[in-house]
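Peer 1: Have a look at the structure that comes next, please.
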Amino acid sequence: MKRFWMKTMAVGIMVFMSAAMGYSQERTPEDVQRLMEQKAPPTPLFVPGEVIVRMKPALRLRGADLSRLGVQEKQGVTSGGEIIYRIAPNIRSAMSRDQLLDRTLQLVRQFAARPDVEYAQPNYILRISDKIPNDPRYPEQWHYFSNGAGAGQSPGGINLPRAWDASTGSSAVVVAVIDTGILPNHPDIQGSPNVVPGYDMISDAFIGNDGGGRDSDPTDPGDAAAAGECYPGSPALPDSWHGTHVAGTIGAGHTNNGIGVAGINWNVKVQAVRVLGKCGGTTADINDGIRWAAGLSVPGVPANSTPAKVINMSLGTPPGNPCSMSPSTQSAINDAVAMGATVVVAAGNDATDASQVFPASCNNVITVAAGDARGYLATRYSNYGSTVEIMAPGGDVRRDDNGDGRPDGVLSLVHPNAGTYAYYNGTSMAAPHVAGVAALILAQQPALVSSQVLANLQANALPRTAAQCPQPCGAGLLSAVAPGGPPPPSLAVSLRIDSSDLQTGESTTARAIVTQNGAPVAAKSVAFNTGNATVASVTPAAAVTDANGLAQTTVKGESKGETTLSATANGTTASAPVRVPDLSLTAVVFIIAWAAIIVIKRNRINSGQV
């Protein structure tokens with residue numbers, strides 16, 4: 001019976017499994033879809049036998065009432081002042097699973113009808129929602145690129161290169177990731193200054209999957225589940241490493257360290273608050289996680305010495321569970337916002353209206369839909385609707401719209417045994433893009449409150465057409481800088497070619513110098529290109545500036561004609577002409593001209609003019 005109880009207990013609130021597992025040798029797009037875009041289980045997603053009750057001030061059920069209802073207190077008062085009542089073990093043991101579920105819902109109705117109760121609800125379980133850095137796999141992170149269709153740009157990008165020219169974040173901003181925990185020994189995280197101590201808020205050992213209850217270690221031990229382990233007929237699922245993937249996007253690892261991938265913030269403090277484990281996580285644990293992250297007290301848990309300014313929750317319920325069904329979650333969110341936190345949540349991955357899930361439909365949150373590499377709403381899975389504030393890159397591992405031969409998922413961190421880095425898709429991946437940009441905003445304007453952060457995000461958003469968002473997707477696509485707003489200090493690019501006229505097969509050197517406010521800019525990528533590579537080619541096609549702001553390439557004449565060499569850095573371009581003359585034609589013209597001169601002189605001699 002104990003094992004049955006643990007199995008059924010984990011069904012409640014599961015994180016939006018929409019993040020799409022990695023696309024690597026170990027995982028395929030089908031694996032990603034199965035894990036991150038799970039269909040809702042056929043049973044109510046709450047902890048059987050448990051009810052979260054908020055009594056009116058100074059009231060509490062005592063012996064006679066407890067006995068009449070057949071319940072007992074599970075634990076002390078929660079961080080929100082609620083009491084969790086559960087069906088007494090002797091009664092529960094005599095019930096089938098369906099009877100237990102029915103009795104739980106009956107108890108919710110009974111509690112809610114009492115005049116001394118403010119609200120009552122099931123203990124739901126949520127599911128996984130789901131400058132140019134020198135990190136070698138940054139070129140695969142299309143979701144960070146400058147927005148556009150040109151070289152080095154992406155229609156689904158959020159303009160981070162321009163934003164990074166102004167700020168790469170601040171270590172004074174803490175972003176809490178309320179999720180499955182983190183992998184502190186990941187090669188891109190180990191020793192990172194961007195991680196601060198978090199907490200494991202999972203109170204049940206089965207869900208925790210780490211041999212115990214709540215503790216100060218938010219390390220993710222994995223959340224794999226066998227078939228039928230979460231609920232009857234539930235599919236087998238591999239470890240998701242979901243929290244690490246989300247934290248990597250925000251900036252938990254080293255960025256610009258020549259290893260792996262980049263994060264949105266090069267400087268930030270990411271705090272893992274573990275609330276999701278095997279089969280999901282409970283409302284009560286998540287509510288406590290929200291309050292603890294914001295710096296509020298939680299009974300039996302040490303105070304958070306580094307409260308978060310931004311809270312990311314890539315989690316939620318299946319459809320049919322609006323926020324009105326969980327007033328305790330709304331209360332926890334309200335408390336966190338009152339403490340100065342900005343709460344960002346995933347819209348969900350059911351391709352339905354986000355008003356039907358929580359916390360996406362709660363008040364005082366920034367609800368994020370997912371876009372693909374084209375900058376379109378990811379209609380295959382993303383939720384939408386009037387409760388959505390903004391859209392951000394969530395990717396789609398079943399597409400390759402940028403034609404790079406890789407899936408258009410969001411690339412971030414996972415366990416080394418799962419490939420170390422992986423492409424996921426889902427609103428789980430979209431939400432941390434917004435949380436990360438919110439942290440960049442707060443790095444420059446630390447006094448902003450949640451409503452002001454939202455106003456800033458929406459004002460900067462790139463508007464979408466009806467074709468790009470056939471369903472409501474908020475203010476538009478996330479942008480880390482304001483379109484048309486004050487740009488960061490502009491770069492200047494100058495270009496010099498040793499010889500503009502080349503013979504076929506001849507080479508010369510072209511030199512580009514990048515400056516900003518008159519000073520040389522080092523470590524800046526410069527792209528070289530000729531308008532017609534059949535006339536003149538360049539090798540290499542890109543180079544990085546040295547300490548003097550200098551980057552150079554070799555230009556080679558290929559065939560007769562004229563073209564233009566260009567050098568581009570951060571959207572600023574300088575150009576110079578290149579000519580490859582036709583030598584055989586020149587020789588013919590010279591011979592004809594010389595012959596004409598001879599004929600003219602001979603005629604003059606014959607006529608006596610000379």
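Peer 1: Taking amide H positions as placed in the peptide plane 1.01 Å from N, state which residues far from Ile390 in sequence (5 or more) or on other chains have amide H under 5 Å from it.
Peer 2: For Ile390, the qualifying residues are Thr367, Ala369, Ala475.
Peer 1: Ok, one more. Please report Arg103, Arg137 as a ranked list, fewest other C-beta atoms within 10 angstrom at the top and most at the bottom.
Peer 2: Ranking Arg103, Arg137 by Cβ neighbours within 10 Å, fewest first, gives Arg137, Arg103.
Peer 1: Residue by residue through region 403-409, which ³J(HN,Hα) values in whole Hz follow from phi under the Karplus form 6.51 cos²θ - 1.76 cosθ + 1.60 (θ = phi - 60°), with glycine and proline marked x?
Peer 2: x, 8, x, 10, x, 7, x
Peer 1: State, to one decimal in nm, how far the label point of Arg579 lies from the label point of Asp116, with both points 7 Å from Cα in the Cβ direction.
Peer 2: 9.8
Peer 1: Determine ³J(HN,Hα), in whole Hz, for all residues of region 179-191 in sequence, where each value follows from phi through the Karplus function 6.51 cos²θ - 1.76 cosθ + 1.60 and θ = phi - 60°; x replaces Gly and Pro.
Peer 2: 6, 8, x, 9, 9, x, 9, 4, x, 8, 10, 3, x
Peer 1: If a paramagnetic tag sat 7 Å from the Cα of Arg511 along the Cα-Cβ line, which residues of region 528-572 would have the backbone N under 12 Å from that point?
Peer 2: In region 528-572, the label zone of Arg511 (backbone N under 12 Å from the point 7 Å along Cα→Cβ) covers 548-553.
Peer 1: Work out Dmax and Rg for region 224-333 from the C-alpha atoms and quote the Rg first, both in angstrom.
Peer 2: Every Cα atom of region 224-333 included, Rg and Dmax give 16.4, 47 Å.
Peer 1: A further question follows. Rank these for me by crowding, Phe46, Phe111, Phe206, going from fewest to most other beta carbons within 10 Å.
Peer 2: Numbers: Phe46 29, Phe111 23, Phe206 18.
Listing Phe46, Phe111, Phe206 from fewest to most nearby Cβ atoms yields Phe206, Phe111, Phe46.
Peer 1: May I ask for the distance between the Cα centers of region 259-312 and region 61-139, given as a whole number of Å?
Peer 2: If you average the Cα positions of each part, the centres end up 21 Å apart.
Peer 1: Another one. How charged is the neighbourhood of Gly80? Take every other residue with its Cβ under 9 Å from the Cβ of Gly80, and add Lys/Arg as +1 and Asp/Glu as -1. Please list the in-between numbers first.
Peer 2: Details: positive: Arg54, Arg291; negative: Glu82, Asp288, Asp335.
My count for the surroundings of Gly80 gives -1.
Peer 1: Nearest-5 percent of antiparallel DSSP beta bridges in region 272-410? Numbers along the way, then the final one.
Peer 2: Values: 4 of 16 bridges.
The answer is about 25 percent antiparallel.
Peer 1: While we're looking at this one, here's another question. Sorted by packing (mean other beta-carbon atoms within 10 Å per residue), highest first, where do 420-431, 303-314 land? Don't skip to the answer; put the middle values down first.
Peer 2: Values: 420-431: 31.8, 303-314: 24.4.
Going by the mean number of other Cβ atoms within 10 Å, highest first, we get 420-431, 303-314.
Peer 1: Related question: At 222 nm, what helix-only mean residue ellipticity would the chain give, in deg cm²/dmol to the nearest 500, using -39500 (n - 2.57) for each DSSP H run of four or more?
Peer 2: Details: 13 runs with 140 residues, N = 610.
So the helix-based figure for the chain works out to -7000 deg cm²/dmol.
Peer 1: Quick one: which residues, 5+ away or cross-chain, put their amide H under 5 Å from the amide H of Met55? H built at 1.01 Å from N.
Peer 2: Ile83, Glu118
Peer 1: Also, quick follow-up: Using DSSP, restrict attention to beta bridges with both residues in region 128-460 and report what percent are antiparallel, rounded to the nearest 5.
Peer 2: Given both bridge residues lie in region 128-460, the antiparallel proportion sits at roughly 30 percent.
Peer 1: Could you tell me which label, among [x] 26.4, 82; [y] 25.3, 81; [z] 30.6, 142, carries the value of Rg and Dmax of the Cα atoms in Å calculated for this structure?
Peer 2: Comparing each candidate, only [z] matches the computed number.
Peer 1: Turning to a different aspect of this structure: Would you be so kind as to identify which of Cys279, Tyr424, Pro238 lies farthest towards the positive end of the dipole of region 128-460, taking Lys and Arg as +1 and Asp and Glu as -1 on Cβ and the Cα centre as origin?
Peer 2: Tyr424
Peer 1: Say each of Ala533 and Met95 gets a label point 7 Å from the Cα, pointing the same way as Cα to Cβ; how far apart are those two points in nm?
Peer 2: Reported label-point gap for Ala533 and Met95 is 6.9 nm.
Peer 1: Return Phe528, Phe358 ranked ascending by Cβ neighbour count within 10 Å, so the fewest neighbours appear first. Don't jump to the answer; show the numbers that get you there.
Peer 2: Values: Phe528 22, Phe358 28.
Sorted ascending by nearby Cβ count, the order is Phe528, Phe358.
Peer 1: Of the options Asn257, Ile83, Ala435, report the single residue whose Cα projects farthest towards the positive end of the charge dipole of the chain (beta-carbon charges: Lys, Arg +1; Asp, Glu -1).
Peer 2: About the Cα centre, the residue reaching furthest to the positive side is Ala435.
Peer 1: Can you bin region 491-584 into rounded, prolate or oblate? Criterion: square roots of the alpha carbon gyration tensor eigenvalues sorted a ≥ b ≥ c, rounded for a/c under 1.5, prolate for a/b above b/c, oblate for the rest.
Peer 2: prolate
Peer 1: If amide H atoms are built 1.01 Å from N in the plane of the peptide, which residues on other chains or at least 5 residues away come under 5 Å of the amide H of Thr352?
Peer 2: Asn383, Tyr384
Peer 1: Would you kindly give the portion of the calculated P(r) for region 128-460 that falls above 37 Å, as a percent of all Cα pairs?
Peer 2: Result for the distance tail: 8 percent.
Peer 1: Can I ask one more? Work through the residues other than Asp223 whose Cβ is under 9 Å from its Cβ and net out their charges, Lys, Arg +1 and Asp, Glu -1. Display every interim value, and only then the final one.
Peer 2: Numbers: positive: Lys278; negative: Asp220, Asp239.
Summing Lys and Arg as +1 and Asp and Glu as -1 gives -1.
Peer 1: Separate question: Got a sec to turn the phi values of region 383-394 into Karplus ³J(HN,Hα) couplings, 6.51 cos²θ - 1.76 cosθ + 1.60 with θ = phi - 60°, whole Hz, x for Gly and Pro?
Peer 2: My calculation for region 383-394 gives 6, 8, x, 5, 7, 7, 8, 6, 10, 9, x, x Hz in order.
Peer 1: Now for a separate question. Order the peptides 243-249, 145-151 from the highest to the lowest mean number of other Cβ atoms within 10 Å of their residues.
Peer 2: On the way: 243-249: 33.7, 145-151: 15.6.
Highest to lowest by the protection proxy: 243-249, 145-151.
Peer 1: Quick check on the chain: of the DSSP beta bridges with both residues there, what percent are antiparallel, nearest 5%?
Peer 2: Numbers: 64 of 98 bridges.
Percent antiparallel among DSSP bridges in the chain is about 65.
A short reminder: the numbers here are calculations on the coordinates, not readings from a lab. All figures in this text were calculated on a predicted structure; none of them were measured in a lab. No Cβ is skipped: glycine too gets one built from the backbone with ideal geometry, and neighbour counts run over all protein chains shown.
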